[in-house]
Amino acid sequence: MVLDLWRRIRRVGTSAEPPPPRPVADRPDRAVELGGSVQLRHVDAGSCNGCEIEIGSAFGPVYDAERYGARLVASPRHADALLVTGAVTRNMREPLRRTYQAVPEPKLVVAVGDCARNCGVFAGAYGVAGAVGDVVPVDLEVPGCPPRPEAIVEALRTLTGR
Amino acid sequence: MNAVGAGLGVALLLALAAAVAAPLAPRTARPAVAGAGTALCGAAAVLAGVAALAGQRLTVELPGVLPLTGLTITVDALGGLFLAVVGAVAVATGIYAIGYGGPDGRGVQAALPLFVASMLLVPVAGNVGGFLLCWELMALTSLLLVAAEHRRRDEVASAARWYAVMTHVGFVAILIGLVVLAGHAVDDSFPALRSAGAQLEPATAGLVFVLTLVGFASKAGIVPLHAWLPRAHPEAPSHVSALMSAAMVTLGVYGIVRVGFDLLGGGTPWWWVLVLLLGAVSAVYGILQAAIATDLKALLACSTTENMGIVLVGVGAAGMFAGAGNLLLAGLALTAALLHVGNHSAFKTLLFLAAGSVLHATGTRDLDALGGLRAGMPVTTAAFGLGALSASALPLGAAFVSEWLLLQALVHGLAVGGVATAIVMPLAVATVALTAGLAVAAFVKAFGVGFLARPRSAAAARAHESPPTMLAGMAVAGVACAALALAPALVLPAVGRVGGALFGAADPLAAGLLVVRLQGFTGSLSPLLVAGAVLVGTAAVALGARLLAARSRDRTAVRLWDCGAGPLSARMEYTATSFAQPLQRVFDDVVRPEQDVDVTHHRESQYLVDAVRYRLRVPDRLEHGLYRPVLTAVAAWGRLGARLATGSIHLYLGYGFVAVCGLMVLLVAIR
């Protein structure tokens, strides 16, 4: 019975898709300090939740970002990097800044999606304070509206170096 | 006249003098006169009690005091112990009362020293008539004090009624029990009762014991006769609460020990199984109510039920061991129980006085409206912290020593053998352990929610420290707590002799200043070394953390993480209700909380919520089940009786006429 289970786990484990090749982009210097394990705090700064669905997918069983050493955590106090989505709204400007301050050094910021990079279709809207880069320093950007999970996984692999 | 007589005489004279002088003094000086008199009276009583514990005896006959029976004063070691406990509580509360203020009516101020005097007389009364007189005097004076603030708050009157009825039901039970016993003796003195009690039939002796047990248990706040405690203690002025909870309630234990072991000579094992079970149920039920209480003084009152329950577990175990012939173990169990009486008096005095100080400063007892008192009231906070530590049976606290002794007695009791012991002792051990755990939760809640964090109301934010006399009263109780916790050897030999003397056995333990060692069993404890180890360990951890912090570079001060949303407010803190919620869920079947959620929808759309109202009430379930039917029956009986009283004077005269005629006929018929 137990052996049977082991056999099944072994079979399924070997039948998984092989990981795509390593990304070629340079790792930021601070990401090298983290040693291959990056804990991420996700901040929704004013997203339409399209990016959230793709992030969820990136951490799901198909793309499984966790096997490369990236992990979502529940507090910036536990995090090495922020995963920010959406154009930064006026209400979220100060909370985003405080969340960034709450992350211990060394810390990184990943702007996920076109809105986070340059406000996307919401640029100039009355409630938008600016892109993520206008509020906190951004280390890595993931383009796309929404970005594909492969792109998100690739960005995270750039951080972890795996 | 020896030291006992001198001390007791001086104490009673001082109390009388204070009771006379306080009403005559000008209004502002009354609390000072009554308080100082009470404190001095207590100090004299402590001297008398210590002398009695050291072996001095006293017997005084005062035939003229009370018609028919007279009053006999007999001080022995057991009485001396309770004399000392009551006296010590009176010293702390008397000093405290000077600054407390509160109601300054003449009667109330005169009642305080009289209450203490009657409590001092109860454990030294040597005959049934005198004992009952003092017991009733104690009930009446305490009732006056409970009702002291009835003009300010309506709840006081209701609490006083509950207390009056419960205490008098208890008094009637004691009266019948002792009179039945005295009916078999030559006169009503305790030595005569002792020789009569030894020859009593088991059924009669059992009846006497159960009747007196009902009375004494109602005074000790034992479940299911505890209903008055969480009502009367919170409503009484705080120094009176301390006197009642720390001194008067323990006299219920005195009564059980005096009648059961001394006058009736130990009786049959089922008595003590009953006492032990009552104690166990009270301990768990009391601390459970305390753990979910949100009224600071009601929490302390429920904790009194718990502690008296633990004491009765010890008393019951002692009776069972004595019945099985193991006198050494019986002495140990009773010593643990009596030590716990002393410890409880010390920390409960301290806790009630500190709670009174909080009430004095903020005007509220509601834990959900307190918090943040540490900044404004550092001394009171420290006092309550010490009391809470002592009450939660952890090392460095006083109750730890007595509960350790009790657990030792219960665990070693398994060796006594017998079916009852084999069933009851493991249950008792589990009960004491569960109680200790719940007590920690209850007192962490009281201290953490009440005194730490941020103030939850404007009154708590404005809190200021109490006047120096109140702090001095707390200091006396605090020193007693610390002494009992660190050096129980100061009192243990004397308490052990009381326990041993009742059973005619040797001292159950050898208490050196450093180590307390059980005699005849393996087991020893060194409170001083444990305290030292805990303090050194804590200091080492604190120092290590500081050194590590000093070594790390690049430290930046950042704001507390508040989800980035803005400053944390007092409304986000844990309240007493939310702290107790998990416990309340675990014990859902026992406490049966009543809660309902009312959602009011917006007028325009039922998808929009206008207001949500959440109500939680934890009614006393035992009280609900037991008292409600009795009260309903009494009310129905009263309505039935009211039909006879129509208000017509002719009818009333007619009743009198018929009654007299009936009596005449009856006399003629039976003569």
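Every number here is computed from the coordinates shown, using simple stated rules; none is lab data. Note that the structure is a prediction, hence the values are computed from the model and not measured. Cβ sites come from the backbone with ideal geometry, for glycine too, and all protein chains shown count toward neighbours.
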(message) Counting only other residues whose beta carbon sits under 15 Å from that of B:T380, what net charge do I get with K and R as +1, D and E as -1?
(response) +3
(message) Tell me the relative contact order for chain A as a rounded percent, counting alpha carbon contacts under 8 Å between residues six or more apart.
(response) 29 percent
(message) Run the numbers for B:L68 and B:H464: contour at 0.36 nm per residue of separation, minus the present Cα-Cα distance, in nm.
(response) 137.1 nm
(request) Could you grab the Rg to Rh ratio for segment B:17-161? Cα atoms only, Kirkwood for Rh. (result) 1.01
(request) Calculate, in whole percent, how much of the Cα-Cα pair population of the protein assembly as shown lies beyond 46 Å. (result) 41 percent
(message) So if I place +1 on the C-beta of Lys and Arg and -1 on the C-beta of Asp and Glu, and nothing else carries charge, what would the dipole magnitude of the protein assembly as shown be about its Cα centre? I want it in debye, nearest 20.
(response) 540 debye
(request) Using the number of other C-beta atoms within 10 angstrom as an exposure proxy, rank B:W637, B:W162 with the fewest first. (result) B:W637, B:W162
(request) Straight distance only, please: which lysines reach the Cα of B:K219 with their own Cα at less than 21 Å, same-chain residues fewer than 8 apart left out? (result) B:K297, B:K348
(message) Per-residue Cβ counts within 10 Å, from other chains only, averaged over A:94-102: what number is that?
(response) 4
(request) Would you mind putting B:180-189, A:23-32, B:204-213 in packing order, based on average other-beta-carbon counts within 10 Å, highest first? (result) B:204-213, B:180-189, A:23-32
(request) Based on other C-beta atoms within 10 Å, arrange A:D80, B:D366 from fewest to most. (result) B:D366, A:D80
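If the viscosity is 1.306 mPa s and the temperature 10 °C, what translational diffusion coefficient in µm²/s does Stokes-Einstein give for segment B:391-503 when Rh comes from Kirkwood over Cα pairs?
After rounding, the answer is 91 µm²/s.
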(request) Report, by chain and number, residues whose modeled amide H sits under 5 Å from the one on A:L108, excluding near sequence neighbours (fewer than 5 apart, same chain). (result) A:A81, A:L82
(request) Any chance you could get the radius of gyration and Dmax over the Cα atoms of segment B:339-536, in Å? (result) 19.2, 60
(message) Need the full-extension length gain, B:A550 to B:S578, defined as separation in residues times 0.36 nm minus the C-alpha distance. One decimal, nm.
(response) 6.4 nm
(request) Would you work out if segment B:1-67 is rounded, prolate or oblate? Take a ≥ b ≥ c from the square roots of the eigenvalues of the alpha-carbon gyration tensor; rounded if a/c is under 1.5, else prolate when a/b is larger than b/c, oblate otherwise. (result) oblate
(message) Could you tell me which residue out of A:G60, A:V88, A:G133 lies farthest along the dipole of chain A toward its positive end? Charges go on the beta carbon: Lys and Arg +1, Asp and Glu -1, centred on the Cα centre.
(response) A:G60
(message) If I model segment B:74-146 as equal point scatterers sitting on the Cα atoms and use the Debye formula, what is log10 I(q)/I(0) at q = 0.12, 0.16, 0.28 Å⁻¹?
(response) -0.35, -0.59, -1.27
(request) Can you pull a Stokes-Einstein diffusion coefficient for segment B:127-168 at 37 °C (0.692 mPa s), Rh from Kirkwood over Cα pairs, as a whole number of µm²/s? (result) 301 µm²/s
(message) Helix-only estimate, please: 222 nm mean residue ellipticity of the protein assembly as shown, summing -39500 (n - 2.57) across DSSP H runs of length 4 or more and dividing by its residues, to the nearest 500.
(response) -20500 deg cm²/dmol
(request) Order these peptides, B:639-650, B:320-331, B:229-240, by their mean beta-carbon neighbour count within 10 angstrom, highest first. (result) B:229-240, B:320-331, B:639-650
(request) Enter the mean projected area of the convex hull around the alpha-carbon atoms of segment B:626-670, in nm², rounded to one decimal. (result) 4.8 nm²
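Inverting the mean 1/r over all pairs of different Cα atoms, compute the Kirkwood radius of segment A:37-160 and quote it in Å.
14.0 Å
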(message) Taking 2.2 N^0.38 Å as the expected size of a compact globular protein, what ratio does the Cα radius of gyration of chain B give against it, to two decimals?
(response) 1.02
(request) Compare the peptides B:306-316, B:519-529, B:245-255 by average per-residue count of other Cβ atoms within 10 angstrom and give them in order, highest first. (result) B:306-316, B:245-255, B:519-529
(request) Find the relative contact order for chain B and round it to a whole percent, using C-alpha pairs within less than 8 Å whose residues are 6+ positions apart. (result) 11 percent
(message) Using Cβ contacts closer than 10 Å as the measure, can you line up B:L145, B:L631 from fewest to most?
(response) B:L631, B:L145
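Over all directions, average the projected area of the Cα convex hull of segment B:470-586 and note it in nm².
15.5 nm²
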